[in-house]
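Encoded as structure tokens, the structure appears first; notes follow it.
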Amino acid sequence: SRQTAVLAFDLGAGSGRAFIGEWIKDEGTPPKLEMQEIHRFPNQAIHVGDHLHWDILRLLHEVKTGIRYAYHAGYQPESIGIDTWGVDFGLLDVNGELLGNPYHYRDRQTEGKIEEVTERIGAVELYQQTGLQNMPFNTIYQLYAMSQSRSVQLGVARHLLMISDLLAYLLTGRRAIEYTMATTTQLFHPSKRVWNTSLMDALSIPSRLFSEPIQPGDTIGPLTANVCEELGVAPIDVIAAAHDTALAVVAVPAGDEPFAYLVCGTWNVLGTELAEPLINADTARLAFSNEGGAFGTIQLLKTLMGLWIIQECKREWEEGGNAISYAELALQARKAPAFVSFINPDDLRFYPPHGMVGRIQAFCQETGQHVPVSEGEVMRCVIESLALRYRYTLEELELVTGSRFGGLHMVGGGIQNELLCQLTASAIGRPVWVGPTEASVIGNMLTQLIASGKCQNLADARRLVKGSFPVTVYEPQIDVPWEEAYERFILLLGEV
Ligand code: LFR
């Protein structure tokens, strides 16, 4: 059998992981991808004074440790890819030194900045120029906030790198900004596919920071001699991976037909893959994003509240010192009565950490619904609301694209919540195809395999996913009154 190993790092909210992917080709059978976790480490934002930061040097250390572990486990990876969420960045000075610890997107410096920027640019113009849904933490608002507060770092900075680019730079000494990450900044022109310098000028964001993006799969460079010596490894190439969401979409086991997907994690990203951006009055009104996807695609998507609400509730319930597993919470939710109360998960009040249960209860109280009390009741309320929200967004997506999707692909860590998958199928009244869980990691590996020619293209890569990882199908339960629940949910969206 012929084998190739690649090393993928995926930094998520809470933890970072390193996986070895093995591409295996036996005589007479289609190739397969096998993966193995070799390192897992915390990825925690650190409060410093009034700000929230990445712990970037610790992460660099953990990435190096992951490379070392790969060697110790007997692998000689052909290449390395690093991915993480969008929008966050680091700044370098003229000598290429990192200026301070990058801000974390949940830092509060961006509060109120959407309003200020919209005032200056105009809402219609801003959407025309960027094709993106306004999220308060987008890079544009982070940089605008720094510019408004006369950030010294921003004043002396010469280069901006997104976090995954930054880690690659610290390992290779090569500066490059990757395209799909660039498209999450809201400073990139979606159809011209170039940096939007006039928008930068209008907001006093220095355009000198931005270099021409490279594509997923492009080589950034080999590990520096210093790093190789420190780790006792060969000068492996670091490959540009992509935005974690874009990579998860690469790993959706879809065929040639148009498809709808839900990347289910801390955030829920629901969308479809297009060849060109779709920017019109409907996509503007419904706030759809045109994000750059890997391999020339455009991802028309909406970023929705995800499992964050559940993560926060769990943390709160565990504050008393008793651990409670997701499995236990799911069990409680199953036992709780259905369709009692709903929330609008995308109400901005649910974004910040702490006090989540109380905020859910307040929402139900204010909207004249039964106030959930037990853990099971709260979970049931949240999971049903997420499922209804998916239906609502899927219908919006169909409205703007004019497509009708036969079902929904669900990928990402959140699909381990089987109740959520089942309720989603029922809410949309169509099947959901669930898997793979480690979609971003797999997409990262596929990008490296495309780069080395093991996979021909995106379609070939998706065939490899289909042949390597199981997909579970959930059919809708039709004996349950979802229509009535959906009508109540829609009224609620308008109410708050
Ligand atoms: C998902 C994700 C989303 C982005 C959000 C913040 O991990 O990358 O795509 O909107 O995080 O960057």
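Each reported figure results from applying straightforward, stated rules to the coordinates on display, with no laboratory input. This is a predicted model, so every value here is computed, not measured. A quick note on method: Cβ atoms are made from the backbone with ideal geometry, for glycine too, and the neighbour counts reach across all protein chains shown.
Here is how the numbers come out for the structure above:
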{"item": "Evaluated at q = 0.17, 0.23 Å⁻¹: base-10 log I(q)/I(0), Debye formula over Cα of segment 1-89", "result": "-0.74, -1.10"}
{"item": "Partners for residue 466 among lysines (Cα-Cα distance below 24 Å; same-chain residues under 8 apart left out)", "result": "25, 32, 454"}
{"item": "Scattering profile of the chain at q = 0.07, 0.11, 0.13 Å⁻¹ [log10 I(q)/I(0), Debye over alpha-carbon scatterers]", "result": "-0.36, -0.94, -1.34"}
{"item": "Mean separation of Cα contacts under 8 Å (6+ apart) over length of segment 365-496, as relative contact order %", "result": "27"}
{"item": "Segment 356-456: trypsin sites (Lys or Arg not before Pro) in DSSP loop, at most 15 other beta carbons within 10 Å", "result": "404"}
{"item": "Where only C-alpha atoms are counted, convex hull volume of segment 289-335 per residue in Å³", "result": "128"}
{"item": "Residue order, fewest to most surrounding Cβ atoms within 10 angstrom, among 346, 256", "result": "256, 346"}
{"item": "Estimated [θ] at 222 nm from DSSP helical runs (n ≥ 4, -39500 (n - 2.57)) normalised by residues in the chain, nearest 500", "result": "-11500 deg cm²/dmol"}
{"item": "Debye, to nearest 20: dipole size of segment 189-286, +1 on Lys, Arg Cβ, -1 on Asp, Glu Cβ", "result": "380"}
{"item": "Cα centroid separation, segment 421-496 to segment 244-266 (Å)", "result": "7"}
{"item": "Binned Cα-Cα distance frequencies in segment 69-137 - 5 Å width, integer %", "result": "3, 11, 14, 13, 15, 14, 13, 6, 5, 4, 3, 0"}
{"item": "Geometric extent, Cα atoms of segment 277-361 - Rg, Dmax (angstrom)", "result": "17.7, 51"}
{"item": "Which of 237, 10, 282, 107 has the fewest Cβ neighbours within 10 Å, and the rest in rising order", "result": "282, 237, 107, 10"}
{"item": "Net charge of Cβ neighbours under 14 Å - reference residue 281; Lys, Arg +1; Asp, Glu -1", "result": "-2"}
{"item": "For segment 320-376, convex hull of alpha carbons as volume per residue, Å³", "result": "102"}
{"item": "Under the span-like rule (Cα at least 30 Å along the axis, Kyte-Doolittle mean at least -0.5), DSSP H helices of the chain", "result": "375-401"}
{"item": "Globularity index of segment 171-321, i.e. its alpha-carbon radius of gyration over 2.2 N^0.38 Å", "result": "1.28"}
{"item": "Per-residue Cβ neighbour rank within 10 angstrom, fewest leading, 480, 411", "result": "480, 411"}
{"item": "Relative contact order (%) - the chain, alpha-carbon pairs under 8 angstrom, separation at least six", "result": "15"}
{"item": "Residues of type aspartates and glutamates that residue 113 reaches as a straight line, Cα spacing below 20 Å, ignoring anything fewer than 8 places off in the same chain", "result": "50, 88, 125, 201, 346, 347"}
{"item": "Where N is the number of residues in segment 142-242, Cα Rg divided by 2.2 N^0.38 Å", "result": "1.21"}
{"item": "Whole-number percent relative contact order across segment 282-324, with pairs defined as alpha carbons under 8 Å at least 6 apart", "result": "22"}
{"item": "Low-density loop positions, GluC sites (Glu not before Pro), segment 304-383 - DSSP coil, at most 13 other Cβ in 10 Å", "result": "319"}
